1. Tell me, rounded to the nearest percent, the portion of alpha carbon pairs in segment 10-58 spaced more than 15 Å apart.
2. Would you please give the FRET efficiency between Tyr33 and Asn71, computed as 1/(1 + (r/R0)^6) with r the Cβ-Cβ distance and R0 = 35 Å, to the nearest 0.05?
3. So which lysines can Lys59 reach, going by Cα to Cα under 22 Å and dropping same-chain residues fewer than 8 places off?
4. Say R0 is 41 Å: what FRET efficiency, to the nearest 0.05, do His16 and Arg46 get from their beta-carbon distance?
Amino acid sequence: MALKPGDQPDVHTAWHNLMMPALLVALASSYGYLLVDDLICYIMNRAVWDVSPENNQLKASQTEVESLYLNKMKGELVDSDAIAWMAQLAPGFVGDDTFWTNDEGVEELHQVEICFTVAFPARCVGYGVMQ
């Protein structure tokens, strides 16, 4: 509806005619982007990851770990060589058990405790640090 000279524009009509289409386009484009993004991720996952040898190796190792765990829970003997072999495949394996024998966190806590007792001796009396 066109305005005639001298007529006052209706604010509700102007808002409805200008803002509603803009809001609908913004909402549709936002949800459209999310939908297309998820669709592309799904297709790429199916096309690249599901057929990769790394995925097959991961599934095989997960199956082996699960079977070893279930055998252990049943009380059957578990081959220690298989466990050592799986430990070698673990990320961060250095070839020996230094990760399990050396706890660097305890050393750090003792250093912080020493620094705290030197800096604040009055505060350490009630906390079991200084007796």
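1. 66
2. Numbers: r = 48 Å, r/R0 = 1.38.
Approximately 0.15, to the nearest 0.05.
3. Straight-line reach from Lys59, under 22 Å: Lys72.
4. Numbers: r = 44 Å, r/R0 = 1.08.
The calculated FRET efficiency here is 0.40.
Taken together, the values in this text are just the output of simple stated rules run on the coordinates, not laboratory data. Here the structure is a predicted model, which is why all the values come from computation and not from measurement. Because the Cβ atoms are built from the backbone with ideal geometry, glycine has one as well, and the counts that use them run over all protein chains shown.
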